[in-house]
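Each remark here refers to the structure printed beneath this line.
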Amino acid sequence: MKPPLVLATLVALAAPSKTSAVRGRHGREPGPNWNSVIRMVPVPPASTAAADSNLRGRRLTAREELGHRPHPSYLNQTFYVTERQQTSLSSSSSSSHPASDGQQRQRGLFHSTNGTFHNLVLLLRFSDHVDRDLPSRADISRLYNSDASNPFAGDDIVPTGSVRQVYESNSYSTLTFETTVVDWITLSKPESYYGNGNNGFTKFKEAIVEALTKLDNSEGGFDFTEFDLDDNGALDGLGILHSGFGAEYGGVDCHGAPSENRIWSHKGGMDEWTSSPEAGGEVVRVNRFYVSSSLRGVCHSNIVRMGVIVHELGHSFGLPDLYDETFDGKGLGAYDFMSETWGWDGSGMYPPKLSAWSKVFLGWAKVEVIAYDGTYELKSSTTSNTVYKIEAGYPEGEYLLIENRQPTGYDIMMEGGGLAIYHIDDKAVAQNNRGYPSSQSDWPRNGKHYQVALLAADGNYDLERGTNNGDSGDLWHYGSELKELRSGSGSHPNTDSYQYGNVTLTGVRIYGFGFSDEIMTFRVEGLGMSAAGTGSVDGVAVSLESIQTPKPTPKPITPKPVTIAPTSPPPTPKPVTKAPTEVTASSIVHPPTPKPSTPKPVASRLTLKPTPKPFSKAPTSICDNRCLEEIASSECPLTSYELPDCLQVNVGELCDANGECGSNQSLNNCDPFDVYRRINCTATNSSGIATSVNHNKCPYYPGWNSGLSHCVNDCLQPEFMHSNPTTFEFDSIEECCLLHYEGKSSCLTDSLLAIEQESLNLTTRS
């Protein structure tokens, strides 16, 4: 009999029923050290306006709130994600069907984004908070699970809907949440202990481990396998809501706790805990978790708004932060809840819709590649999952995405509507390297730009400048300040390529924007061919006269009523039956999944074979052969804030560490940054976490986890894996490279060279 659980009352909602499928976890390889992949990442600071205020424009910047970047300087999981998201975005098809599990794995998703996501939430009460009035388990369950069709402002718990409804809306009902909430667990230590003067970034994991252990040892036990329905040996989703006020609100709370001794909402990874073996020896571990206060503001007992929770849950699926982590700019601003947690009005009640880039990443967008000159129409992203993509003229990993954003649904507080045009460079350093006209004399040839950049229709670059989180001048429509987006260095923004600072003209011109409305039109030129006589493309092409006909008045952009109904799957568009009269823009009728009758000028795509085995092994460690040494303070560069993280640098280069690969999260040697130099590994220093086997001299796959014994055979004989593919996860070098090797594009070349060299060595020795 396990000892009784030490907490007032353990009440849990009915857990999801066990799958009838046979679990195949016996004899499974141990999971990866997720600390080396997923770091603890804080949300941006909260608004300094009163917690319930809906006034726009009164949010304090992060530097005013903190004085500097949040410490420790945890960055996002950009390295882990962007090495894989390229596959999805560069090979998007025209299919309207959800991505398969295999496709989702190629994108680097942590969980399937179709079907039901099972989320376990623990409520943690600090030992000095036992007398505080806290939200009930039932109220927090409503916050997560409510499916009320008509939320109303008078409901303080779900005035605009629930976490579940936000994700159903963004996924067009392809994803459903089921959240089980465990009642308050009282911890053994006070809030200040876990806060530890640094917002909980060093000690809060102790609280999580303590709570999980108490739950595991409770009378009757707790079946954690009910929350591992993807059968990978780890909890599908773990949320932690605590009894303190979030440190992101700053200041001193009404109980006298300063922000540094409170917990900053964040996400992280851990390997410090596994459950007790169930029948058959099955154990469950924690790969990832997210943390939020259960309260909002710094006083009273008002339940937290869902904005922070929605943001942190996004990380559970692999979405990176899209705000500017230097806090000099705004990143993507309020055009994505992975950038602006608090929404357009700063209340946290209206998490902005995900951007086109995030929806494509998650497999929730139907990507239509524009390959021909013509005029196109696009429905509002509130009701349609269609996103247009222009890739002709750009190098691999760079392209434009276009969506129609309107102030409806959770975008209701948006300051106007129109076409959002994003310039994407998936090879850029996330959102940490802003650039804009007049910011640097050699921009954009200096390579400074966001990975996901909104091309604003007023040309002000407010997001890059940090002026605001978005305004009515950002989106393109009839009457917007700029009338066209074209190629050419004489104007900014433009459609030119700028990857790695190599500026090249694409010749692409986007213009002829229709009125801001639920269905908008625009014209594209410069792709080098017309759609006439060559078949059809997905999306509807219309005649120019349809957008030249005056309309009485543009749609007003004043806020609409706040009632938000859950989004239904987008309806099937009606076929176009009337041909346009304009010769320059032929009408195109679109079957569900059309293909052109002649080749389109679309960039070549990598075709992968299906994964031959179930995806039971998570990505291996990225710390092997990655050794770091701290630098002296005298060596600190003046631009420490621009350094990449240590998972992105070559030997000899400086980097900003985040606790990965054995680095110190609180080194602070280049105040407030933790700066290291990557060095060559030695026999005794193979990596920050690899201790069981040293295969530092392996000429092949230096990113492999030495803890996986079946990977060691290729060290001295690299042809072994090539000759024995069934021993490994994949049946080809190409597929293995895509998942395991940080270089990805050079992996195959490096591997084949290693095989050739090994053969040469054998010949020489003989």
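Among the residues of the stretch 371-387, write down those that are farther than 16 Å from Gly514 by Cβ and touching a Gly at 6+ places or on another chain (Cβ under 8 Å).
Within the stretch 371-387, Asp373, Thr382 qualify.
Which numbered condition trips up Phe327, out of (1) within 30 Å of Gly221 (Cα to Cα); (2) surrounded by fewer than 24 Cβ atoms within 10 Å (Cβ to Cβ)?
(1)
For the stretch 283-323: of the residues being among the aliphatic types (A, V, I, L, M) and not in a loop (DSSP other than H, G, I, E, B), which is farthest from Glu168 (Cα to Cα)? Working first, answer last.
Within the stretch 283-323, the subset among the aliphatic types (A, V, I, L, M) is 283-284, 286, 291, 295, 298, 303-304, 306, 308-310, 313, 319, 322.
Those left that are additionally not in a loop (DSSP other than H, G, I, E, B): 291, 295, 303, 306, 308-310, 313.
Numbers: Val291: 22, Leu295: 24, Ile303: 22, Met306: 14, Val308: 17, Ile309: 15, Val310: 12, Leu313: 13 Å.
So the residue we want is Leu295.
Would you check if Trp264 is out of contact with any Ser or Thr (no Cβ under 9 Å at 6 or more places or on another chain), crowded, with 19+ Cβ neighbours inside 10 Å and touching a residue at least 40 places away in the same chain (Cβ under 8 Å)? Write out each step before concluding.
Details: out of contact with any Ser or Thr (no Cβ under 9 Å at 6 or more places or on another chain): yes; crowded, with 19+ Cβ neighbours inside 10 Å: yes; touching a residue at least 40 places away in the same chain (Cβ under 8 Å): yes.
Answer is yes for this residue.
Does Gly416 fit the bill of being surrounded by fewer than 24 Cβ atoms within 10 Å (Cβ to Cβ) and over 18 Å from the mean Cα position of the chain (by Cα)?
Taking the combined requirement at face value, the residue satisfies it.
Taking interchain pairs and intrachain pairs at least six residues apart, which have beta carbon atoms under 8 angstrom, with the first residue in the stretch 482-507 and assigned by TED's automatic domain parsing to the domain that holds Lys448 and the second of a type in the set (Lys, Arg) and in a strand (DSSP E or B)?
Going by the 8 Å Cβ cut-off, the qualifying pairs are Glu484/Arg509; Leu485/Arg509; Arg486/Arg509; Ser487/Arg509; Thr495/Arg509.
For Ile263, only one of the following conditions fails: (1) touching a Pro at 6+ places or on another chain (Cβ under 9 Å); (2) among the β-branched types (Val, Ile, Thr); (3) part of a loop (DSSP other than H, G, I, E, B). What is its number?
Status for Ile263: all satisfied but (1).
Does the stretch 366-378 hold any residues that are over 18 Å from Asp425 (Cα atoms) and in contact with a helix residue (DSSP H, G or I) (Cβ under 9 Å, 6 or more places away or on another chain), and which are they?
If the condition is that a residue be over 18 Å from Asp425 (Cα atoms) and in contact with a helix residue (DSSP H, G or I) (Cβ under 9 Å, 6 or more places away or on another chain), then Thr375, Glu377 are the ones that fit.
Would a scan of the stretch 204-211 turn up a residue that is at pLDDT 90 or above and over 18 Å from Ser275 (Cα atoms)? Full working, then the answer.
Let us first name the residues in the stretch 204-211 that are at pLDDT 90 or above, namely 204-211.
From what is left, the residues that are over 18 Å from Ser275 (Cα atoms) are 204.
Scanning the stretch 204-211, I find at least one residue that is at pLDDT 90 or above and over 18 Å from Ser275 (Cα atoms), so the answer is yes.
Going through the stretch 406-458 one residue at a time, which ones are of a type in the set (D, E, K, R) and over 24 Å from Thr383 (Cα atoms)?
First, the residues of the stretch 406-458 that are of a type in the set (D, E, K, R): 411, 415, 425-427, 434, 442, 445, 448, 458.
Within the stretch 406-458, Asp425, Asp426, Lys427, Arg434, Asp442, Arg445, Lys448, Asp458 meet the criteria.
Report yes if some residue within the stretch 424-440 is in a strand (DSSP E or B) and modelled with pLDDT of 90 or more; otherwise report no.
Yes.
Give me a count of the residues in the stretch 295-345 that are within 19 Å of the chain's Cα centre (by Cα) and β-branched (Val, Ile, Thr).
First, the residues of the stretch 295-345 that are within 19 Å of the chain's Cα centre (by Cα): 306-327, 329-343.
Narrowing the set further to residues that are β-branched (Val, Ile, Thr) leaves 308-310, 326, 341.
Summing the residues that are within 19 Å of the chain's Cα centre (by Cα) and β-branched (Val, Ile, Thr) in the stretch 295-345 gives 5.
From the residues in the stretch 113-160 that are of a type in the set (Gly, Ala, Ser) and within 25 Å of the chain's Cα centre (by Cα), which one is nearest to Ala365 (Cα to Cα)?
In the first step, residues of the stretch 113-160 are kept if they are of a type in the set (Gly, Ala, Ser); the result is 115, 127, 136, 138, 141, 146, 148-149, 153-154.
Now drop any that are not within 25 Å of the chain's Cα centre (by Cα), which leaves 115, 141, 146.
Details: Gly115: 16, Ser141: 29, Ser146: 25 Å.
Among those residues, the one meeting the criterion is Gly115.
Kindly indicate which of Asp236, Asp230 is surrounded by 22 or more Cβ atoms within 10 Å (Cβ to Cβ) and farther than 18 Å from Asp183 by Cβ.
Numbers: Asp230 fails: surrounded by 22 or more Cβ atoms within 10 Å (Cβ to Cβ).
So the residue among Asp236, Asp230 that is surrounded by 22 or more Cβ atoms within 10 Å (Cβ to Cβ) and farther than 18 Å from Asp183 by Cβ is Asp236.
Testing His449 on (1) in contact with a His (Cβ under 8 Å, 6 or more places away or on another chain); (2) under 27 Å from Gly346 (Cα atoms); (3) assigned to a strand (DSSP E or B), one condition comes back false. Which one is that?
The single condition His449 does not satisfy is (3).
In the stretch 365-407, how many are assigned to a loop (DSSP other than H, G, I, E, B), out of contact with any Phe, Trp or Tyr (no Cβ under 8 Å at 6 or more places or on another chain) and under 16 Å from Ser171 (Cα atoms)? I'd like the intermediate steps shown before the answer.
Here is the first cut: in the stretch 365-407, the residues assigned to a loop (DSSP other than H, G, I, E, B) are 365, 370-372, 381-385, 391-397, 406-407.
Within this subset, residues satisfying the condition of being out of contact with any Phe, Trp or Tyr (no Cβ under 8 Å at 6 or more places or on another chain) are 365, 371-372, 381-384, 392-397, 406-407.
In the following step, the residues that additionally are under 16 Å from Ser171 (Cα atoms) were identified as 365, 381-384.
So the answer is 5.
Among the residues of the stretch 475-532, which ones are in contact with a His (Cβ under 7 Å, 6 or more places away or on another chain) and under 16 Å from Pro437 (Cα atoms)?
Answer for the stretch 475-532, where residues must be in contact with a His (Cβ under 7 Å, 6 or more places away or on another chain) and under 16 Å from Pro437 (Cα atoms): just Tyr498.
If you go through the stretch 500-517, how many residues are surrounded by fewer than 20 Cβ atoms within 10 Å (Cβ to Cβ) and farther than 12 Å from Gly418 by Cβ? Give the derivation first.
Our first condition is that a residue be surrounded by fewer than 20 Cβ atoms within 10 Å (Cβ to Cβ); within the stretch 500-517, this holds for 500-505, 507, 509, 511-512, 515, 517.
Filter again for farther than 12 Å from Gly418 by Cβ, leaving 500-505, 507, 509, 511-512.
Residues in the stretch 500-517 being surrounded by fewer than 20 Cβ atoms within 10 Å (Cβ to Cβ) and farther than 12 Å from Gly418 by Cβ: 10 in total.
The values are calculated or read from the model by the stated rules, or taken from the named source; none is laboratory data. Keep in mind that this is a model prediction, so the values were computed, not measured. Positions of Cβ are backbone-derived with ideal geometry, glycine not excepted, and every protein chain shown enters the neighbour counts.
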